[in-house]
Amino acid sequence: GVKIENWDFGGMLFASCWVTQQEEDYPQWAMYGDAMRGVRITLPADPFDWYPFDPGDGGYVSEMHTPLPPALARTDHYKVVPDVNQRGAFLREVRYVGDVDSVWREACEIGEGSLGVKGSLQDLAGCKSKRWEFQKEHRFVLHLMGRGRSQGGAIRGPMFTSIDVPLSAAAIGRMQIRMGPLSSHADRVIVESLVARFSPSIGVEHSH
(Lines give C-alpha, C1' and ligand atoms only; values in the text may rest on other atoms or scores of the structure.)
Protein backbone atom coordinates (compact mmCIF):
# COMPACT_ATOMS: atom_id res chain seq x y z
CA GLY A 1 0.00 0.00 0.00
CA VAL A 2 1.07 3.59 -0.64
CA LYS A 3 1.60 5.98 2.27
CA ILE A 4 2.48 9.64 1.74
CA GLU A 5 3.16 11.70 4.85
CA ASN A 6 0.28 10.73 7.19
CA TRP A 7 -2.13 9.64 4.46
CA ASP A 8 -2.36 5.84 4.37
CA PHE A 9 -3.83 5.26 0.92
CA GLY A 10 -3.24 1.53 1.16
CA GLY A 11 -5.79 1.35 3.97
CA MET A 12 -8.45 3.05 1.83
CA LEU A 13 -8.10 1.22 -1.47
CA PHE A 14 -9.23 -2.35 -2.03
CA ALA A 15 -8.22 -4.10 -5.25
CA SER A 16 -9.20 -7.35 -6.91
CA CYS A 17 -6.67 -8.31 -9.59
CA TRP A 18 -7.42 -10.17 -12.84
CA VAL A 19 -6.25 -10.63 -16.43
CA THR A 20 -8.39 -10.27 -19.54
CA GLN A 21 -6.38 -12.41 -21.96
CA GLN A 22 -7.92 -15.71 -23.00
CA GLU A 23 -4.61 -17.53 -23.38
CA GLU A 24 -3.17 -19.34 -20.38
CA ASP A 25 0.10 -18.08 -18.94
CA TYR A 26 2.59 -20.45 -17.33
CA PRO A 27 4.15 -17.79 -15.05
CA GLN A 28 0.68 -16.90 -13.73
CA TRP A 29 -0.14 -20.56 -13.10
CA ALA A 30 3.18 -21.02 -11.31
CA MET A 31 2.91 -17.85 -9.17
CA TYR A 32 -0.78 -17.84 -8.28
CA GLY A 33 -2.24 -21.23 -9.26
CA ASP A 34 -1.04 -23.40 -6.35
CA ALA A 35 2.01 -24.66 -8.26
CA MET A 36 -0.18 -25.29 -11.35
CA ARG A 37 -2.66 -27.44 -9.41
CA GLY A 38 -5.23 -24.71 -8.74
CA VAL A 39 -8.02 -23.30 -10.87
CA ARG A 40 -8.54 -20.36 -13.19
CA ILE A 41 -11.92 -18.64 -12.88
CA THR A 42 -13.35 -16.72 -15.84
CA LEU A 43 -16.18 -14.22 -15.34
CA PRO A 44 -17.87 -11.51 -17.45
CA ALA A 45 -16.04 -8.17 -17.43
CA ASP A 46 -18.82 -6.68 -15.27
CA PRO A 47 -19.80 -9.45 -12.84
CA PHE A 48 -21.64 -7.26 -10.30
CA ASP A 49 -25.07 -5.92 -9.53
CA TRP A 50 -25.06 -2.11 -9.25
CA TYR A 51 -26.90 0.08 -6.77
CA PRO A 52 -27.53 3.85 -6.65
CA PHE A 53 -25.18 5.44 -4.17
CA ASP A 54 -26.52 7.56 -1.30
CA PRO A 55 -23.57 9.15 0.56
CA GLY A 56 -25.80 10.37 3.43
CA ASP A 57 -24.58 13.02 5.86
CA GLY A 58 -25.84 15.71 3.52
CA GLY A 59 -23.32 14.64 0.90
CA TYR A 60 -23.62 15.28 -2.81
CA VAL A 61 -25.95 12.83 -4.59
CA SER A 62 -25.46 12.27 -8.30
CA GLU A 63 -25.89 9.43 -10.75
CA MET A 64 -23.15 7.45 -9.03
CA HIS A 65 -23.51 3.73 -8.46
CA THR A 66 -21.66 1.19 -6.37
CA PRO A 67 -21.32 -2.62 -6.64
CA LEU A 68 -21.93 -2.83 -2.89
CA PRO A 69 -25.53 -3.15 -1.64
CA PRO A 70 -26.67 -0.09 0.38
CA ALA A 71 -26.19 -1.88 3.72
CA LEU A 72 -22.51 -2.48 2.82
CA ALA A 73 -21.85 0.79 0.96
CA ARG A 74 -22.44 3.02 3.99
CA THR A 75 -22.26 1.95 7.62
CA ASP A 76 -21.51 3.65 10.93
CA HIS A 77 -17.82 2.80 10.46
CA TYR A 78 -17.11 3.47 6.78
CA LYS A 79 -18.59 4.46 3.45
CA VAL A 80 -17.65 3.84 -0.15
CA VAL A 81 -16.30 6.76 -2.19
CA PRO A 82 -17.40 5.96 -5.76
CA ASP A 83 -15.54 7.23 -8.78
CA VAL A 84 -17.68 9.31 -11.12
CA ASN A 85 -17.15 6.76 -13.90
CA GLN A 86 -17.10 3.73 -11.63
CA ARG A 87 -19.87 1.75 -13.25
CA GLY A 88 -18.56 2.25 -16.77
CA ALA A 89 -14.89 1.73 -15.97
CA PHE A 90 -14.71 -0.33 -12.80
CA LEU A 91 -12.34 -2.80 -14.44
CA ARG A 92 -9.17 -0.82 -15.08
CA GLU A 93 -6.14 -1.85 -17.09
CA VAL A 94 -3.07 -1.52 -14.90
CA ARG A 95 -0.64 1.20 -15.97
CA TYR A 96 3.00 0.14 -15.57
CA VAL A 97 5.36 2.95 -14.58
CA GLY A 98 9.01 3.37 -13.67
CA ASP A 99 8.42 4.81 -10.18
CA VAL A 100 5.03 4.29 -8.53
CA ASP A 101 5.83 6.56 -5.58
CA SER A 102 6.68 9.48 -7.88
CA VAL A 103 3.41 9.09 -9.80
CA TRP A 104 1.47 9.27 -6.54
CA ARG A 105 3.39 12.27 -5.21
CA GLU A 106 2.92 14.18 -8.47
CA ALA A 107 -0.84 13.52 -8.47
CA CYS A 108 -1.54 14.26 -4.79
CA GLU A 109 -1.58 17.76 -3.32
CA ILE A 110 -1.48 17.37 0.45
CA GLY A 111 -2.16 20.33 2.70
CA GLU A 112 -2.96 20.80 6.38
CA GLY A 113 -5.60 18.12 6.82
CA SER A 114 -6.61 18.33 3.15
CA LEU A 115 -6.02 16.24 0.06
CA GLY A 116 -6.31 17.14 -3.61
CA VAL A 117 -5.95 14.47 -6.30
CA LYS A 118 -5.42 14.94 -10.03
CA GLY A 119 -7.76 12.30 -11.37
CA SER A 120 -8.96 9.74 -8.85
CA LEU A 121 -7.43 7.50 -6.21
CA GLN A 122 -8.87 4.51 -8.07
CA ASP A 123 -6.86 5.47 -11.15
CA LEU A 124 -3.71 5.88 -9.07
CA ALA A 125 -4.33 2.44 -7.56
CA GLY A 126 -4.06 1.11 -11.10
CA CYS A 127 -0.33 1.99 -11.25
CA LYS A 128 2.27 -0.70 -10.80
CA SER A 129 6.01 -1.03 -11.29
CA LYS A 130 7.22 -1.92 -14.81
CA ARG A 131 8.90 -5.02 -13.42
CA TRP A 132 5.39 -6.59 -13.28
CA GLU A 133 4.44 -5.66 -16.83
CA PHE A 134 4.45 -9.29 -17.96
CA GLN A 135 1.29 -9.86 -15.90
CA LYS A 136 -0.95 -7.70 -18.16
CA GLU A 137 -3.06 -7.08 -15.05
CA HIS A 138 -6.49 -5.47 -14.72
CA ARG A 139 -8.01 -4.35 -11.42
CA PHE A 140 -11.33 -3.62 -9.79
CA VAL A 141 -10.63 -0.90 -7.19
CA LEU A 142 -12.91 0.27 -4.36
CA HIS A 143 -12.21 3.40 -2.32
CA LEU A 144 -13.55 3.10 1.25
CA MET A 145 -13.27 5.89 3.80
CA GLY A 146 -13.44 5.31 7.54
CA ARG A 147 -16.05 7.37 9.37
CA GLY A 148 -15.26 9.17 12.60
CA ARG A 149 -11.62 8.13 12.39
CA SER A 150 -8.98 10.76 11.75
CA GLN A 151 -5.44 11.07 12.99
CA GLY A 152 -3.19 14.06 12.48
CA GLY A 153 -5.72 15.62 10.11
CA ALA A 154 -5.67 12.69 7.66
CA ILE A 155 -8.73 10.63 6.84
CA ARG A 156 -8.14 6.93 7.33
CA GLY A 157 -9.56 3.80 5.81
CA PRO A 158 -11.88 1.37 7.58
CA MET A 159 -10.84 -1.05 10.32
CA PHE A 160 -10.45 -4.06 8.01
CA THR A 161 -8.13 -5.17 5.23
CA SER A 162 -10.56 -6.91 2.86
CA ILE A 163 -14.19 -6.73 1.80
CA ASP A 164 -16.33 -9.11 -0.26
CA VAL A 165 -18.26 -7.61 -3.17
CA PRO A 166 -21.16 -9.91 -4.12
CA LEU A 167 -21.19 -11.34 -7.64
CA SER A 168 -24.41 -11.20 -9.61
CA ALA A 169 -26.34 -14.43 -10.12
CA ALA A 170 -26.02 -13.92 -13.89
CA ALA A 171 -22.22 -13.71 -13.64
CA ILE A 172 -22.00 -16.86 -11.54
CA GLY A 173 -24.16 -18.66 -14.10
CA ARG A 174 -21.67 -17.71 -16.83
CA MET A 175 -18.57 -18.62 -14.83
CA GLN A 176 -16.00 -20.97 -16.36
CA ILE A 177 -13.45 -22.93 -14.32
CA ARG A 178 -10.25 -24.26 -15.85
CA MET A 179 -8.18 -26.81 -13.97
CA GLY A 180 -4.44 -26.18 -13.60
CA PRO A 181 -1.95 -28.00 -15.87
CA LEU A 182 -0.77 -30.25 -13.02
CA SER A 183 -4.14 -30.81 -11.34
CA SER A 184 -5.03 -34.38 -10.52
CA HIS A 185 -8.16 -36.43 -11.01
CA ALA A 186 -8.90 -35.95 -7.30
CA ASP A 187 -8.64 -32.15 -7.74
CA ARG A 188 -11.18 -32.26 -10.56
CA VAL A 189 -13.55 -34.45 -8.54
CA ILE A 190 -13.52 -31.88 -5.71
CA VAL A 191 -14.18 -28.97 -8.09
CA GLU A 192 -16.94 -30.80 -9.96
CA SER A 193 -18.67 -31.78 -6.72
CA LEU A 194 -18.66 -28.15 -5.54
CA VAL A 195 -20.01 -26.96 -8.89
CA ALA A 196 -22.76 -29.60 -8.86
CA ARG A 197 -23.77 -28.52 -5.36
CA PHE A 198 -23.75 -24.74 -5.78
CA SER A 199 -24.15 -23.86 -9.47
CA PRO A 200 -24.47 -26.72 -11.99
CA SER A 201 -24.38 -24.33 -14.97
CA ILE A 202 -20.68 -23.54 -14.37
CA GLY A 203 -18.38 -25.16 -16.92
CA VAL A 204 -15.28 -27.09 -15.83
CA GLU A 205 -12.49 -27.79 -18.29
CA HIS A 206 -8.90 -28.99 -18.39
CA SER A 207 -5.92 -26.73 -19.00
CA HIS A 208 -4.88 -26.47 -22.62
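Scanning region 82-122 for residues that are of a type outside the set (A, V, I, L, M, F, W, C), in contact (Cβ under 8 Å) with a residue 40 or more places away in the chain and open to solvent by less than 20 Å² (accessible area, probe 1.4 Å), which turns out farthest from residue 51 (Cα to Cα)?
Within region 82-122, the match that is farthest from residue 51 (Cα to Cα) is 122.
Looking at this structure, is residue 146 buried (at least 16 other Cβ atoms within 10 Å of the Cβ) and at pLDDT below 90?
Yes.
If you go through region 175-189, how many residues are loosely packed, with under 12 Cβ neighbours inside 10 Å and either among the β-branched types (Val, Ile, Thr) or under 11 Å from residue 40 (Cβ atoms) (or both)?
Looking only at that region, the number is 1.
Take residue 126 and tell me if it is at pLDDT 90 or above, within 27 Å of residue 44 (Cβ to Cβ) and either open to solvent by 70 Å² or more (accessible area, probe 1.4 Å) or not hydroxyl-bearing (Ser, Thr, Tyr) (or both).
Values: at pLDDT 90 or above: yes; within 27 Å of residue 44 (Cβ to Cβ): yes; either open to solvent by 70 Å² or more (accessible area, probe 1.4 Å) or not hydroxyl-bearing (Ser, Thr, Tyr) (or both): yes.
It is true that residue 126 is at pLDDT 90 or above, within 27 Å of residue 44 (Cβ to Cβ) and either open to solvent by 70 Å² or more (accessible area, probe 1.4 Å) or not hydroxyl-bearing (Ser, Thr, Tyr) (or both).
I'm told residue 17 meets every condition in (1) exposed (fewer than 14 other Cβ atoms within 10 Å of the Cβ); (2) over 30 Å from residue 110 (Cα atoms) except one. Can you identify the failing condition by its number?
So the condition that residue 17 fails would be (2).
Give the residues of region 78-101 that are out of contact with any Phe, Trp or Tyr (no Cβ under 9 Å at 6 or more places or on another chain) and not charged (D, E, K, R), sorted by residue number.
Once the filter is applied, which keeps residues that are out of contact with any Phe, Trp or Tyr (no Cβ under 9 Å at 6 or more places or on another chain) and not charged (D, E, K, R), region 78-101 yields 81, 84, 85, 88, 89, 97, 98, 100.
Which residue pairs have Cβ atoms closer than 8 Å, lie 6 or more positions apart in sequence or on different chains, and pair a first residue in region 34-56 that is without any contact (Cβ under 8 Å) to a residue 24 or more places away in the chain with a second residue that is aliphatic (A, V, I, L, M) and surrounded by fewer than 16 Cβ atoms within 10 Å (Cβ to Cβ)?
Here the result reads 54/61, each pair linking region 34-56 to a residue that is aliphatic (A, V, I, L, M) and surrounded by fewer than 16 Cβ atoms within 10 Å (Cβ to Cβ).
The values are calculated or read from the model by the stated rules, or taken from the named source; none is laboratory data. Here the structure is a predicted model, which is why all the values come from computation and not from measurement. Glycine also receives a Cβ, built like all others from the backbone with ideal geometry; neighbour counts cover every protein chain displayed. Protein only, heavy atoms only, side chains kept; ligands, DNA and RNA dropped before computing areas. Shrake-Rupley method; radii C 1.70, N 1.55, O 1.52, S 1.80 Å.
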